[in-house]
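Colleague: Have a look at this one.
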Amino acid sequence: HLSRAGPGTTVEIEVDDAVEQAALKYLRDPARGRDPWILNVSFIAPHFPFVVPQRFWDLYPPEEVDMPVIPPGHLAGQHPVYQRLRANFGLTDVSESQVRRARAGYYGLITYLDEKIGRLIDALEQTGLRDNTLVVYCSDHGEMAGEHGLWRKSNFYEHASRVPLIMNWPGHLPAGRRVPETVSLVDLVATMI
């Protein structure tokens, strides 16, 4: 629930920390320079619950966090499925303070994850693997973060359905290119191969 949002640690944080350490160990293994390899590093963050280590929480003071834009009457006029979804997740009577704290936690988790990805890329550079490694970042769903009065996923609003798909391979893929067309993750492995 949104009331859990705040500084601290969770099982999810512990898992992400362990995943990062295992991935770094794998990348630093001298065998990586000899044979082709693939590594799937599957982090949980940024994900419920919006609990994040203190130093990341401190980056986003809740009182300064932006609020979702919900026009007057929008929630009452939403499709019954979305009204039911809000009710089932206990989101029908959420205070501004809870929304701000949850969004602060979510933003903190994004920064927490960004640092982890940065350390993985640093490890590729330090081991000489960066120029010969395709790095793909993607997600299975977005986060509503209070937009339309919703949190999590389970809908087709942009915040839930628009997910990142970033591919980087120095010297092989053009840097900074943005693709405006709709893409899918369904054939991601086939595309990489």
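The values are calculated or read from the model by the stated rules, or taken from the named source; none is laboratory data. All values derive from a computational prediction rather than experimental measurement. Because the Cβ atoms are built from the backbone with ideal geometry, glycine has one as well, and the counts that use them run over all protein chains shown. These accessible areas exclude ligands, DNA and RNA; they are computed on the full protein's heavy atoms, side chains included. Shrake-Rupley method; radii C 1.70, N 1.55, O 1.52, S 1.80 Å.
Colleague: Taking the condition of being closer than 22 Å to Phe50 by Cα and in a helix (DSSP H, G or I), how many residues in segment 145-193 meet it?
Modeller: Total meeting the criteria: 7.
Colleague: Suppose we filter His159, His148, His172 for residues that are in contact (Cβ under 8 Å) with a residue 40 or more places away in the chain and either touching a strand residue (DSSP E or B) at 6+ places or on another chain (Cβ under 6 Å) or open to solvent by 40 Å² or more (accessible area, probe 1.4 Å) (or both); which single one remains?
Modeller: Step by step, each of His159, His148, His172 is checked, and only His148 is in contact (Cβ under 8 Å) with a residue 40 or more places away in the chain and either touching a strand residue (DSSP E or B) at 6+ places or on another chain (Cβ under 6 Å) or open to solvent by 40 Å² or more (accessible area, probe 1.4 Å) (or both).
Colleague: Taking Glu63 as the residue in question, decide whether it is crowded, with 16+ Cβ neighbours inside 10 Å and modelled with pLDDT of 95 or more.
Modeller: No: the conditions fail for Glu63.
Colleague: If Ala76 satisfies all but one of (1) over 20 Å from Asn155 (Cβ atoms); (2) part of a loop (DSSP other than H, G, I, E, B), what's the number of the condition it fails?
Modeller: With (1) over 20 Å from Asn155 (Cβ atoms); (2) part of a loop (DSSP other than H, G, I, E, B) applied to Ala76, the lone miss is (1).
Colleague: Are any residues in segment 90-116 surrounded by 15 or more Cβ atoms within 10 Å (Cβ to Cβ) and assigned to a loop (DSSP other than H, G, I, E, B), and if so, which ones?
Modeller: Answer for segment 90-116, where residues must be surrounded by 15 or more Cβ atoms within 10 Å (Cβ to Cβ) and assigned to a loop (DSSP other than H, G, I, E, B): Leu91, Val94.
Colleague: Just give me the residues in segment 11-49 being charged (D, E, K, R), part of a loop (DSSP other than H, G, I, E, B) and at pLDDT 95 or above, in sequence order.
Modeller: Residue satisfying the conditions is Asp29 alone.
Colleague: Select from segment 117-140 the residues that are small (Gly, Ala, Ser) and closer than 21 Å to Ala18 by Cβ and write down the one among them that is least open to solvent (accessible area, probe 1.4 Å).
Modeller: By that ranking, first place goes to Ala123.
Colleague: Within the set of pairs 6+ apart or on separate chains, which have a first residue in segment 179-193 that is closer than 19 Å to Trp169 by Cα, a second that is in a loop (DSSP other than H, G, I, E, B) and open to solvent by less than 80 Å² (accessible area, probe 1.4 Å), and C-beta atoms under 8 Å apart?
Modeller: Matching pairs, first to second residue: Leu185/Val163; Met192/Leu134.
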